[in-house]
Amino acid sequence: MTETKKVAIIVSEGSFDKGIMAMMIANTAASMGMEVHIFFTFFGLNLLKKGSKPKLKGMYRLFTGTFVKRMSKVGIPQFGEQLSMAIDQGVTIYACSTSMELMGIKKENMIDGAKIVGAAGFLNIAADTDMQYFIG
Amino acid sequence: MTDVLDCKGLMCPMPVVQLAKKIKTIDVGQELELISDDVGSKEDIPAWCQRTGNELVEAKESGKIFTYRIKRLK
């Protein structure tokens, strides 16, 4: 076994596909024993609202339901479930403090356990990671 | 009796997520069998074993069904 690899993910969009993509990478990495840190910023922060049910973007929004059905057929859980799964697997979730102000999202409206940090705080963590992904 | 984790009908990332959970329930030195119909598992399961330091004892393919025997090493 090699040393523990660390992963940093930044999510800047709140659409269904971006959220699911981030969660799939996070859950897979965590299952492989990696340490995962995800920073939700700008529209990505909407994903951390309690009970968030993201939709596809633009016109595709209307097809979200079809996608959800297809995904459940192949056993891929929905966003909220994947987020809980990630937290259970030890993934650390960060909420961008500036985005909270910009988007008018309060701590009490977000999922429990999200750490509130600024960009510097997250970059300090990302600086010590082996892999960095930007999903936006 | 080897524990069996049936992941048929589950696509990435669920097989490895479930494998990570399941392996913790068996003793070190014991094996478990994972069954999948996700073609991606052919790369994913060996990658998972390599990364987590567990041993892929055997990988079999029969039609669209892939069977893996994984030994918990740590």
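The values are calculated or read from the model by the stated rules, or taken from the named source; none is laboratory data. Because the structure is a prediction, the values reported are computed rather than measured. Neighbour counts are summed over all protein chains in view; Cβ atoms, including those assigned to glycine, are modelled from backbone coordinates with ideal geometry. The area values use the complete protein model at the heavy-atom level, side chains included, leaving out ligands, DNA and RNA. Shrake-Rupley method; radii C 1.70, N 1.55, O 1.52, S 1.80 Å.
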Longer than 30 Å from Cα to Cα, which of A:LYS49/B:LYS42; A:LYS55/B:LYS22; A:LYS6/B:LYS22; A:LYS53/B:LYS42 are they? Say none if no pair is. A:LYS49/B:LYS42; A:LYS55/B:LYS22; A:LYS53/B:LYS42
Exposure rank, largest accessible area first [A:ASP112, B:ASP6, A:ASP17; 1.4 Å]: A:ASP112, B:ASP6, A:ASP17
Once the Cα gyration tensor of the protein assembly as shown is found, what semi-axes does its equivalent ellipsoid get, as square roots of 5 times the eigenvalues, in whole Å, sorted largest first? 33, 21, 13
Rel. contact order, % - alpha carbon contacts under 8 angstrom, at least six apart, segment B:3-71: 35
Residue-level accessible surface for B:CYS12, protein heavy atoms, 1.4 Å, Å²: 60
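Give me the percent of the accessible area of chain A that comes from carbon and sulfur atoms, probe 1.4 Å, all protein chains in place.
Whole-percent figure for carbon plus sulfur exposure: 58.
Out of the total accessible area of chain B (probe 1.4 Å, heavy atoms of protein only), what percent is carbon and sulfur? Before the final figure, lay out each step's value.
Numbers: 1970 of 4050 Å².
Answer for chain B is 49 percent, counting heavy atoms of protein chains only.
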Where A meets B: accessible area buried, both sides, 1.4 Å probe, Å²: 1300
At a cut-off of 20 Å², which residues of segment B:12-43 become less accessible once all protein chains are present than in their chain alone, using a 1.4 Å probe? B:CYS12, B:PRO13, B:MET14, B:VAL16, B:VAL17, B:ALA20
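Rounded, prolate or oblate: which one fits segment A:1-110, using the alpha carbon gyration tensor with axes a ≥ b ≥ c (rounded when a/c is under 1.5, else prolate when a/b beats b/c, else oblate)?
Since a/c reaches 1.5 but b/c is at least a/b, the shape of segment A:1-110 is classed as oblate.
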Send over the semi-axes of segment A:24-83's equivalent ellipsoid, whole angstrom and largest first, taken as the square roots of 5 times the C-alpha gyration tensor eigenvalues. 22, 17, 9
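What does the charge count near A:SER99 come to, summing +1 for each Lys or Arg and -1 for each Asp or Glu among other residues with Cβ under 15 Å from its Cβ? List each step's numbers first, then the result.
On the way: positive: A:LYS18, A:LYS49, A:LYS106, A:LYS107, A:LYS115; negative: A:GLU13, A:GLU101.
Result for the local shell: +3.
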Could you work out which residue, out of A:THR66, A:THR41, A:THR98, moves most in a Gaussian network model of chain A, that is, has the largest mean-square fluctuation with Cα springs under 10 Å? A:THR66
Degrees separating the helix B:41-52 axis from the principal Cα axis of chain B, which is the longest one: 20
Given the options B:VAL16, A:ILE25, A:GLY104, identify the residue whose Cα lies farthest towards the positive end of the charge dipole of the protein assembly as shown (+1 on Cβ of Lys, Arg; -1 on Cβ of Asp, Glu). A:GLY104
With N set to the residue count of segment B:3-71, report its C-alpha Rg divided by 2.2 N^0.38 Å to two decimal places. 0.97
Could you name every residue in segment A:29-51 that has 20 Å² or more less accessible surface in the full protein assembly than in its own chain alone (probe 1.4 Å, ligands and nucleic acids excluded)? A:SER31, A:MET32
Cα long-axis angle, helix B:14-23 against chain B (0 to 90 degrees, to the nearest 10): 20
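Under a 1.4 Å probe, what is the accessible area of chain B per residue, stated in Å²? Write down the numbers at each step before the final one.
Numbers: 4050 Å² over 74 residues.
Ligands and nucleic acids excluded, the figure is 55 Å² per residue.
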Net charge, A:ILE135 excluded, C-beta distance under 15 Å - Lys, Arg +1, Asp, Glu -1: 0
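Can you sort A:LEU102, A:LEU83 by 1.4 Å-probe accessible area, starting with the largest? Don't jump to the answer; show the numbers that get you there.
Numbers: A:LEU102 115, A:LEU83 10 Å².
I get A:LEU102, A:LEU83, largest accessible area first.
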How much area per residue is accessible in segment A:24-106 when the probe is 1.4 Å and only protein heavy atoms are counted (Å²)? 53
